[in-house]
Amino acid sequence: MKIPLESLENHISLAIEGDQIAFTFLLNHFWNEVFNFILKRTGNEADAEDITIETFAKAFDKLATYNAKFAFNTWLIAIAKNVHIDLIRKRKNSHFLEINDDENQYYNNIADESPSVEDELIRKQNLNTLLNLIKQLKPHYQEVIQLRYFQELSYNEIAEILEEPLNNVKIKLLRARKLLLEIIIYYRNNTVE
């Protein structure tokens, strides 16, 4: 459903000023378009959901930079493409081993997923730090982060558990991630190495 340009510009202006109803309107109106675009690219519903959430988080953070000469949905799709490319790059940068089997047949690019003792210690320390930072969020944000990232539930499953509409869950998770990122950045900037 296409919305009148004047109405869209109004919602964008209100969102820039921090109006939560305008943010919700933009998320609700453009969610399916961005999600379906990314789903076609990834073929993975969980990745598509995460990329879509990340897309809206980045878009809402940079909303004041949006140029009205371009279609808003085109701007969102461009952000989604970049988030998807970043995800692919992160996955490609995993560590690889080169091994030979008993018959000297050469195998290349077999991922070494076994963590070293040091990696495991760092992971536990980072997890404890992250859990402590999550505790700084309001309880309802802690809950949605825990359900999504620690229990790995889908948005629909979270909506059922919380007995809230799906779009409320998406917005709550978007806000929780943004707040957590701010807490993490503050922690990193104020922690002496």
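The values are calculated or read from the model by the stated rules, or taken from the named source; none is laboratory data. Everything quoted here is computed from the prediction, not taken from an experiment. Protein only, heavy atoms only, side chains kept; ligands, DNA and RNA dropped before computing areas. Shrake-Rupley method; radii C 1.70, N 1.55, O 1.52, S 1.80 Å.
Considering only protein heavy atoms, with the full assembly of protein chains and a 1.4 angstrom probe, order GLU157, GLU164, GLU49 by accessible area, largest first.
Output order, biggest surface exposure first: GLU157, GLU164, GLU49.
Considering only Cα-Cα distances, which of the following residue pairs are longer than 20 Å: LYS138/LYS178; LYS58/LYS178; LYS58/LYS172; LYS62/LYS135; LYS135/LYS172; LYS135/LYS178?
From the list (LYS138/LYS178; LYS58/LYS178; LYS58/LYS172; LYS62/LYS135; LYS135/LYS172; LYS135/LYS178), the Cα-Cα distance tops 20 Å for LYS62/LYS135.
Return the sequence-ordered ³J(HN,Hα) values of the range 34-41 in whole Hz as given by the Karplus equation 6.51 cos²θ - 1.76 cosθ + 1.60 applied to θ = phi - 60°, using x for Gly and Pro.
Karplus values, whole Hz, x for Gly and Pro: 5, 4, 5, 4, 5, 4, 5, 6.
Accessible area per residue, 1.4 Å probe, Å², for the range 1-84: what's the number?
On a per-residue basis, the range 1-84 sits at 55 Å².
What ³J(HN,Hα) values, in whole Hz, does the Karplus curve 6.51 cos²θ - 1.76 cosθ + 1.60 give for the range 165-181 when θ = phi - 60°, with x put for Gly and Pro?
Listing the rounded values in order: x, 4, 5, 5, 5, 4, 5, 4, 5, 4, 5, 4, 5, 5, 5, 5, 4 Hz.
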